[in-house]
Structure formats: structure tokens, C-alpha cells
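Novice: Shown below is the structure under consideration.
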Amino acid sequence: MNDEDYIELFGMTKAELMNKGMMCLIHNLGILEAQTYIANIMQEGRESPSNYTEYQQKLFDNMTDEEFKESLNEFIKNHPHE
């Protein structure tokens, strides 16, 4: 996609979207954890080409219902404004 496509879909350029996403990660995780998260996503892609949706499916498929509920409740507790 080019910047015109990004602007049409998201109301911002690819660079602006990437910056906004990184700022969200830094805000919620901190710099070190955000960088580690990005590195892990990149490593996952090198080991077996995939996309973020497939990565999330693998993550959640390996969770029990109870683990998922605990994770969800923890997220809700830590993000009451969202």
C-alpha cells in the first residue's frame, strides 16, 4: 500500500501509523518491553513467515479457557479506561 491508501483507510500515512503504534507500545509496555515485543514478532516472522493474526491465533490456541479468562480479566483491570 502507498501513503494515499493509508490515508484513505486510516486517516494517516504509513509512517504516522507506525509511529502511533510504537507510541502505544511504549506507553503500555515501556521502551525495553516494546522493543522486545517488536523483536519477538520479527523473529517469529523469520522462523515461520506469518502475520500478526496468525501469531495471535497461535498464542490463544495454546491457552486454556481459564488462562484466557485470567488474561482478559488482568487486561481489563489494568486498562479500565479502554
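Only the coordinates and a few stated rules stand behind these numbers; no lab work does. Since this is a predicted model, take the numbers as computed values, not measurements. Cβ atoms come from the backbone with ideal geometry, glycine included; neighbour counts cover every protein chain shown.
Novice: Figure the gain on full extension for Gln43 and Met22 (residue separation times 0.36 nm, minus the Cα-Cα span) and round it to one decimal in nm.
Specialist: This chain segment gains 5.8 nm when fully extended.
Novice: Using a cut-off of 11 Å between beta-carbons, work out the net charge of the residues near Met1 (Lys and Arg +1, Asp and Glu -1, Met1 not included).
Specialist: Net local charge, Met1 excluded: -3.
Novice: Counting only other residues whose beta carbon sits under 13 Å from that of Lys14, what net charge do I get with K and R as +1, D and E as -1?
Specialist: That sum, taken over residues with Cβ under 13 Å, equals -4.
Novice: With label points built 7 Å along Cα→Cβ from the Cα atoms of Lys14 and Lys69, find their separation and express it in nm.
Specialist: Label-label distance for Lys14 and Lys69, simple model: 4.3 nm.
Novice: Now, a different point. Among (i) 1.33; (ii) 1.00; (iii) 1.02, find the value of Rg/Rh (Cα atoms, Kirkwood Rh) that was calculated from the structure presented, and write down its label.
Specialist: Entry (iii).
Novice: Can you tell me the length gained on complete extension of the stretch Thr53 to Leu29, counting 0.36 nm per residue apart and subtracting the Cα distance?
Specialist: So the chain would gain 6.6 nm between Thr53 and Leu29.
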